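The values are calculated or read from the model by the stated rules, or taken from the named source; none is laboratory data. All figures in this text were calculated on a predicted structure; none of them were measured in a lab. Glycine gets a Cβ as well: all are built from the backbone with ideal geometry, and neighbour counts include every protein chain shown.
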Amino acid sequence: MTAPVRVRFAPSPTGRPQVGNIRTAMFDWLLARHTGGSFILRIEDTDVARTEPGALEAIMDGLRWLGLDWDEGPDVGGDYGPYFQSQRLELYKEAAERLVKQGDAYYCYCSPERLEVMRKEQVARKQPPGYDRRCRDLSPQERARKEAEGIVPVARFKVPLEGQTRFKDLIYGDVVFENSTIDDFVMLKSDGYPTYHLANVVDDHAMKISHVIRGEEWISSTPRHLLMYRALGYEPPRYVHTPMILGPDRAKLSKRHGDVSILEYCHQGYLPETMFNFLVLIGWSLDDKTEILTRQQLIESFSLERIGKTGAIFNKEKLDWMNGVYIRSLSLEDFVQRSLPFLEKGLPAAVKRPLDIDYIRRMMPLVQERAKTLVEVPQLVEFFFVDQPDYNTELLIDKKMTLESTIKTLEVSRQRLQLMEVFDEALLENLLRPLAEELGLKAGQLFGALRTAVTGRTATPPLFQTMAVLGKERCLKRINAALEKLHQLSS
RNA sequence: GGCGCAUUCGUCUAGCGGCCCAGGACGCGUCCCUCUCAAGGACGAGAUCACGGGUUCGAAUCCCGUAUGCGCUACCA
């Protein structure tokens, strides 16, 4: 696997870039980089009706986000362009005409309505549905008559009635199909656009693609492609079908079960390096223990041989874990920079902008090891910003404490805190630990009351560090507010 | 219905005839650490390797069959 490959990712711009497709693109990219080959982006915009505006940009954004740069493609050009199939219509038409001339294809004038009825009957008779080849042997006169009626035909490939078509898939091994089970499929639609089958064969040949990497769902149509390669006199590429990514019900992942756009993971605060690592591990593994791999390690160690055969369910919990691992591995400044957009968006509108970046830098070490995704960072640090945290007064009173003892505890704490000149972590600890003992409390009881008073929460980063970041003024203000709440409760 | 592909802990997987009465990871449980929450550490539960036949001295690994699941079966890709 050292010869440079030419591989292509060929999405159709009919929707957002889903993880299944992106994973295939990653395999393409990895193989290209591993072998020093080329990764080509080709847009299969042959389904005019389903093409969605914006889909192309979204696909490119998704690839860029993951760092899957392409060597040839719509925007960067290349020697084998154009890279939009809609701009290569002439090529497909020529190929189709040639096949018709050679007797390997024919024009079909059957109406969609007739085909519909035909299929229904076939299914009713428990026959395999498929084109009945009515137009396969039309006489020139019959054809002329249809043309005269103004019917615009489609071009169908003349699949051999007998024999077998076989190929060796690099992952699944030998696959054999009886030609008799394949119907005469449409190559060229009546609107002049090719179907996937034709366009794919013509372009992969024209673009000198060496390996076709695509989802397992394409295995069944591979013999059609092979038959066309043969009829056209082209050398077929190597085929690499990859296992699918499944939904929780083991069915092909769809929008229904959250096959969300790869960009959605970006918005949800997953790091691109997490997605890259995680996605490649669905269906591929290095060995029996390595889970975290850098992009460079992946390029070096990637190989087709280690791609599995079985569809895999997308394991969200594991993704979350891995994202935590990657977040923790970030340098503080990197973590700050990546969190910034999420803070801008996620912090309450009442927090004044621009955000105080230095203040943020001081609190971020406290949340870095607690965040699983970037999108939850604002939640984690919100109490640092709000004027006065909102919380239920009961939370101030520890299970083993009373209203009175809590009031007393906070009052004494306030006095002592007020006397501090330098409000840092070490000094806070030196003050507070002995204070708990002095008050006859367990450290947790004192710290718990202070924690709630100062943050409004029962689960926060370590108290002293948190208070140090908050600063003396904010802490005292909040303790005062807490005491007020408690007094209200007692009256 | 036809054709094709697949089948190892709940999930992702290692395993390509003896090292496996099956290893790792996520998740889960217990414990340690500890001011809470995380993180980290230790330990544990969890798979008769879908089932049934072969082949072999020996099979999760090879062969056949069955079952189940999934995919394809469009003038979609």
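A compact table of results
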quantity	calculated
The stretch A:312-331, subset more than 6 Å from RNA strand B (Cβ to nearest atom) and outside any helix (DSSP H, G or I), residue surrounded by the most Cβ atoms within 10 Å (Cβ to Cβ)	A:PHE314
Check on A:ARG256, surrounded by fewer than 19 Cβ atoms within 10 Å (Cβ to Cβ), assigned to a helix (DSSP H, G or I) and modelled with pLDDT of 95 or more	no
Residue match in the stretch A:385-396 (condition: at pLDDT below 95 and in contact with a Lys or Arg (Cβ under 6 Å, 6 or more places away or on another chain))	yes
A:VAL412 vs. criteria part of a loop (DSSP other than H, G, I, E, B), more than 13 Å from RNA strand B (Cβ to nearest atom) and of a type in the set (A, V, I, L, M)	no
Test for A:ARG478: is it at pLDDT 95 or above, more than 13 Å from RNA strand B (Cβ to nearest atom) and either among the hydrophobic types (A, V, I, L, M, F, W, C) or touching a helix residue (DSSP H, G or I) at 6+ places or on another chain (Cβ under 6 Å) (or both)	yes
The stretch A:160-174 residues that are more than 17 Å from A:ARG230 (Cβ to Cβ), paired with ones that are loosely packed, with under 12 Cβ neighbours inside 10 Å and of a type in the set (Val, Ile, Thr) (beta carbon under 8 Å, 6 or more apart)	none
Qualifying positions in the stretch A:278-311 - outside any loop (DSSP other than H, G, I, E, B), out of contact with any Asp or Glu (no Cβ under 8 Å at 6 or more places or on another chain) and not hydrophobic (A, V, I, L, M, F, W, C)	A:GLN296, A:GLN297, A:GLU300, A:SER301, A:GLU305, A:ARG306
Candidate set from the stretch A:32-57 (those that are under 19 Å from the mean Cα position of the chain (by Cα) and of a type in the set (Gly, Ala, Ser)); member that is nearest to RNA strand B (Cβ to nearest atom)	A:ALA55
Pair list, Cβ < 8 Å and 6+ apart or interchain, from the stretch A:448-461 residues that are over 11 Å from A:PHE383 (Cβ atoms) and more than 9 Å from RNA strand B (Cβ to nearest atom) to residues that are part of a loop (DSSP other than H, G, I, E, B) and not β-branched (Val, Ile, Thr)	A:ALA449/A:ASP398; A:ALA449/A:MET401
Residue in the stretch A:285-299 that is aliphatic (A, V, I, L, M) and in contact with a Pro (Cβ under 8 Å, 6 or more places away or on another chain) present	no
Among residues of the stretch A:16-67, those that are assigned to a strand (DSSP E or B) and at pLDDT 95 or above, counted	5
Test set (1) closer than 22 Å to A:VAL7 by Cβ; (2) modelled with pLDDT of 95 or more; (3) out of contact with any helix residue (DSSP H, G or I) (no Cβ under 7 Å at 6 or more places or on another chain); (4) surrounded by fewer than 17 Cβ atoms within 10 Å (Cβ to Cβ) - A:PRO74 fails condition number	(4)
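Table: residues versus (1) more than 6 Å from RNA strand B (Cβ to nearest atom); (2) assigned to a strand (DSSP E or B); (3) in contact with a helix residue (DSSP H, G or I) (Cβ under 7 Å, 6 or more places away or on another chain); (4) not hydroxyl-bearing (Ser, Thr, Tyr).
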{"site": "A:ASP174", "(1), (2), (3), (4)": "yes, yes, no, yes"}
{"site": "A:SER180", "(1), (2), (3), (4)": "yes, no, no, no"}
{"site": "A:SER190", "(1), (2), (3), (4)": "no, no, no, no"}
{"site": "A:ALA199", "(1), (2), (3), (4)": "yes, no, yes, yes"}
{"site": "A:VAL202", "(1), (2), (3), (4)": "yes, no, yes, yes"}
{"site": "A:VAL212", "(1), (2), (3), (4)": "yes, yes, yes, yes"}
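A quick yes/no check of all residues on (1) over 49 Å from the mean Cα position of the chain (by Cα); (2) free of Cβ contacts under 8 Å to residues at least 40 places away in the same chain; (3) farther than 20 Å from A:ALA482 by Cα; (4) surrounded by fewer than 20 Cβ atoms within 10 Å (Cβ to Cβ):
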site	(1), (2), (3), (4)
A:GLN415	yes, yes, no, yes
A:GLN418	yes, no, no, yes
A:GLU421	yes, yes, yes, yes
A:ARG433	no, yes, yes, yes
A:ALA436	yes, yes, no, yes
A:ALA443	no, yes, no, yes
